[in-house]
Amino acid sequence: MPKIKKENLSEKAYIAIKEMIMDGRLKQGEGISINAMTEILDISRTPITNACQKLEYERFLTILPKQGVIVNSLTIDDIREIYELRAAIESYSAKRAFEHIFEEDIEHLRKSIRKQTEYAQNGNVYEFMREDIHFHKFILEKYNNTQFLTIINTLYDRSFMASLKSGEKKGRLLNNLEEHLKIIEALEEKNRDKFVETIEINILNGFINLTGDYQLK
């Protein structure tokens, strides 16, 4: 059998560990040794270490020499900065993408809404939030800026961790769904300003729902 390259194993470990962080199997503030991770994933130490270094660069983990790794906890300021950066990038992109969103794109967003509705009705916060990110990313990709996409992918992953807590609050999933419907409504009305505004409101409301307030620093 062909030998698997270390790069492939590192990427496999990176994806697996990030998924464990995002779905809560590795909890914020929790520590775990590299050796334990090698047993859990059945991957050797070097690819695990490479994966953890990449996740540390993305601020998901902190590596403690001779101790292991700690899953970083998101502070209120961390979350505020994530949501503000998302709002800035997505609002700008929405303004630029508006003329490139056509009826077939709106129909794709409607299909996403139908999935979100099903997840909300079933109380499936995890899948709802995954579809929420797909909804926003689909719009973002209509403005072709590869630098934005590089930044936003990490932001989406980190905001996902916060959004899981936000979505657990009664009524947030339905409120989020209503805000997404207003985004589609603005597209159907061909109202650029409303479209940009509703996207920004939807993003910042995710932060407000976590903290109860939003004030510019």
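The values are calculated or read from the model by the stated rules, or taken from the named source; none is laboratory data. These figures come from a predicted structure and were not determined experimentally. For neighbour counting, all protein chains shown are included, and Cβ atoms are generated from backbone atoms with ideal geometry for every residue, glycine included.
Return a yes/no flag: does segment 56-79 have any residue that is within 30 Å of residue 190 (Cβ to Cβ), of a type in the set (A, V, I, L, M) and in contact with a helix residue (DSSP H, G or I) (Cβ under 7 Å, 6 or more places away or on another chain).
no
Scan segment 13-27 for residues that are touching a Pro at 6+ places or on another chain (Cβ under 9 Å) and either of a type in the set (A, V, I, L, M) or more than 16 Å from residue 42 (Cα to Cα) (or both) and report the count.
Summing the residues that are touching a Pro at 6+ places or on another chain (Cβ under 9 Å) and either of a type in the set (A, V, I, L, M) or more than 16 Å from residue 42 (Cα to Cα) (or both) in segment 13-27 gives 1.
Please go through segment 89-123 and pick out each residue that is out of contact with any helix residue (DSSP H, G or I) (no Cβ under 7 Å at 6 or more places or on another chain), outside any helix (DSSP H, G or I) and over 18 Å from residue 179 (Cα atoms).
102
Of the numbered conditions (1) at pLDDT 95 or above; (2) farther than 22 Å from residue 185 by Cβ; (3) among the hydroxyl-bearing types (Ser, Thr, Tyr), residue 91 satisfies every one except a single condition; which is it?
Result: residue 91 passes all but (2).
Restricting attention to segment 56-68, and to residues there that are closer than 22 Å to residue 158 by Cα and more than 22 Å from the chain's Cα centre (by Cα), which single residue is surrounded by the fewest Cβ atoms within 10 Å (Cβ to Cβ)?
Among them, the one singled out is 64.
With out of contact with any Gly (no Cβ under 6 Å at 6 or more places or on another chain) and surrounded by fewer than 17 Cβ atoms within 10 Å (Cβ to Cβ) as the only criterion, which of 97, 162, 88 stands out?
Being out of contact with any Gly (no Cβ under 6 Å at 6 or more places or on another chain) and surrounded by fewer than 17 Cβ atoms within 10 Å (Cβ to Cβ) holds for just one of 97, 162, 88, which is 88.
If you go through segment 106-149 one residue at a time, how many are among the basic types (Lys, Arg) and within 12 Å of the chain's Cα centre (by Cα)?
Of the residues in that region, 2 qualify.
How many residues are touching a Ser or Thr at 6+ places or on another chain (Cβ under 6 Å) and buried (at least 16 other Cβ atoms within 10 Å of the Cβ) if we restrict to segment 39-55?
Here the count works out to 4.
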